[in-house]
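Engineer: My questions will all concern the structure given below.
We did not get these values from a lab; they are worked out from the coordinates using the rules stated. For clarity, every value in this text was computed on a predicted model and none was experimentally measured. Methodologically, a virtual Cβ is constructed for each residue, glycine included, from the backbone with ideal geometry; neighbour enumeration extends over all protein chains shown.
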Amino acid sequence: MTSTISTVPGQRHDKPASAASKAFAVQQAFTRISATGSVHSLRGIAAAAGLDDATTHRILQTGVEDRTFEQVGRGRYRLGTGTALAGLQAMADAPSPASTHSTLVTLHEATGGLVLLYVLSPFGGAKRLCTDYAIGDTDPAEVGMTAEDVVSVSRSLRTGASGRVILAYLPQKIRDLVLAEDVPPTAGPGVIRCNERLADSLAEVRRLGFAIGRQECMLGWDSVAAPVFWQGSIMGSVLLLRPANDMPTDLRPMIYHTRKAAEEISQLTPAPMAPVA
């Protein structure tokens with residue numbers, strides 16, 4: 001998908017002054033116009049960066065050499081693998097497993113529920129992966145959790161509270177791709193199949209800062225989930241699971257403890273939390 005847009009409505013960007021700031025402006029321009037596709041024209045990139053075409057062209061060509069950008073055909077560009085590698089290097093400062101696990105254990109002890117930590121995985125399409133959990137002495141098999149539940153159903157961002165709180169803060173382009181996916185056939189009876197209702201639920205997540213799931217991923221299990229941010233970007237979610245017949249009518253304590261855990265994990269890094277537009 002290509003883009004020939006020349007501006008982004010409703011956004012105003014001052015022209016960068018130094019050479020370094022101009023280079024960063026070009027890289028950030030791809031994020032500003034990402035909703036229109038992954039491949040963009042020179043003119044569209046220049047307009048989003050607030051630069052003239054000649055300056056933008058020089059920066060893009062320099063970036064092609066170190067794989068920050070990739071030229072696709074004549075006069076069209078997209079972000080290159082060098083950008084992803086830089087992101088991986090930055091991940092070295094992410095919260096340690098030991099510090100996050102202690103937060104999950106505290107949430108489990110405070111609520112008596114099963115607690116899972118999901119992280120966003122963009123490789124092979126946006127999805128979520130469970131990287132840690134705190135379930136006490138519970139055997140997942142004894143409560144009906146199978147490998148299929150963990151690997152296939154839980155993977156989709158459109159299925160369950162933990163997926164929806166991640167999806168809510170992703171760029172619109174990625175949200176559209178996820179909404180185009182099929183609902184996993186083994187999802188629970190409460191899964192939101194209508195894309196219009198799902199989109200409405202994402203707006204509600206952004207307004208409230210959490211999501212409630214009623215047997216979305218698995219039959220007989222309700223959930224509360226809250227987003228985890230890292231340096232201002234959505235990176236995952238904390239999920240609290242309890243049997244539907246054991247979930248309290250008053251969910252405020254469950255919501256409070258789940259949000260507190262997610263905020264604590266987010267604050268393990270120095271940058272403040274902020275949703276991605």
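Engineer: Go ahead and run the numbers for FRET between L177 and E109, Cβ-Cβ distance against an R0 of 35 Å, rounding to 0.05.
Structural biologist: That gives a FRET efficiency of 0.40.
Engineer: Which of the three applies to region 94-266, rounded, prolate or oblate, going by the alpha-carbon gyration tensor with a ≥ b ≥ c and a/c under 1.5 meaning rounded?
Structural biologist: The shape class here is rounded.
Engineer: In whole Hz and in residue order, list the ³J(HN,Hα) couplings for region 190-195 that follow from phi through the Karplus curve 6.51 cos²θ - 1.76 cosθ + 1.60, θ = phi - 60°; x for Gly and Pro.
Structural biologist: Values per residue, Gly and Pro as x: x, 4, 7, 8, 6, 5 Hz.
Engineer: Here is a follow-up. When a footprinting reagent is the concern and you count Cβ atoms within 10 Å, what order do V115, V183 take, fewest first?
Structural biologist: Arranged by neighbour count, lowest to highest, V115, V183 become V183, V115.
Engineer: Listing C194, C217 from the residue with the fewest other Cβ atoms within 10 Å to the one with the most, what is the order?
Structural biologist: With the sparsest Cβ surroundings first, the list reads C194, C217.
Engineer: What does the highest-first list of 99-108, 165-174, 218-227 look like by mean Cβ count within 10 Å?
Structural biologist: By packing density, highest mean first, the sequence is 218-227, 165-174, 99-108.
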